Each structure stands twice: as C-alpha cells, then as structure tokens.
1. Among the residues of the range 75-98, how many are without any contact (Cβ under 8 Å) to a residue 12 or more places away in the chain and outside any helix (DSSP H, G or I)?
2. Which of (1) outside any helix (DSSP H, G or I); (2) under 13 Å from A24 (Cβ atoms); (3) β-branched (V, I, T) is the odd one out, the single condition I71 does not satisfy?
3. Working carefully through the options V48, V53, find the one that is closer than 18 Å to P15 by Cα, among the hydrophobic types (A, V, I, L, M, F, W, C) and free of Cβ contacts under 8 Å to residues at least 60 places away in the same chain.
Amino acid sequence: MLKAVRQAHEHQDTPPITALIPQARREQGLTQRELADLLCEISQNDSVTREEVSRWERGKRIPGPYWRAWISAALDVPHAEVDRAAVLERESRRTRNEDHSH
C-alpha cells in the first residue's frame, strides 16, 4: 500500500488534538486542572496550568512536541496518535485560514 494512502487511512481514526485531549482526559476521569497537575508531576516541569490545557482543548494553542510526549504518557494514548492529532489540527487551521483569506 502506498505510504500516503496508509497515512490517510490512519488519520481517519485519529481526531484532531482539540478533540483527542478532552476525550482521553474524560476517559481517565480527570478535570483540566487534574491533567495539568499530573503533567507537572510526571514531567517535573510546573509550567502547565489548567488554562493551558483549556487552550489546547479549544484550539487556541497546539501543544509542542515536548508536551505531546507527556500528554501521551498522562492520558495513556500512543505518542504517534497524539502527534497525528496535532498535525490534523494544524492542517485544519491552515484550511480554515485559507478559507477566510479568499
């Protein structure tokens, strides 16, 4: 199977990160604040707040590679899926921006 076709198929099962984080967070029974606290604890980096988690979930920001690795660990979601979800969100942003510029 062609790589592009295989990647397109993989994307069908992965929601954008704005949907993946809240869905996985709720499955773990965590609030935004509890997720932020867990990320701070496991990463030993206290720079994530509930407000930042909210920004990720609302699509105001896309977590970078560093935080995506910790999100994967905290929410028990494969790292590759979290990365794909971020790419999908970035692609959908680009499409929305192109739609608005015409």
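Throughout, read-outs are computed from the coordinates displayed, never taken from laboratory work. Remember, predicted model here, so these are calculated numbers, not experimental data. Positions of Cβ are generated from backbone atoms using ideal geometry, with glycine treated the same way; all protein chains shown enter the neighbour counts.
1. Residues in the range 75-98 being without any contact (Cβ under 8 Å) to a residue 12 or more places away in the chain and outside any helix (DSSP H, G or I): 1 in total.
2. Tallying (1) outside any helix (DSSP H, G or I); (2) under 13 Å from A24 (Cβ atoms); (3) β-branched (V, I, T), I71 fails exactly one: (1).
3. On the way: V48 fails: closer than 18 Å to P15 by Cα.
After ruling out the rest, the residue left standing is V53.
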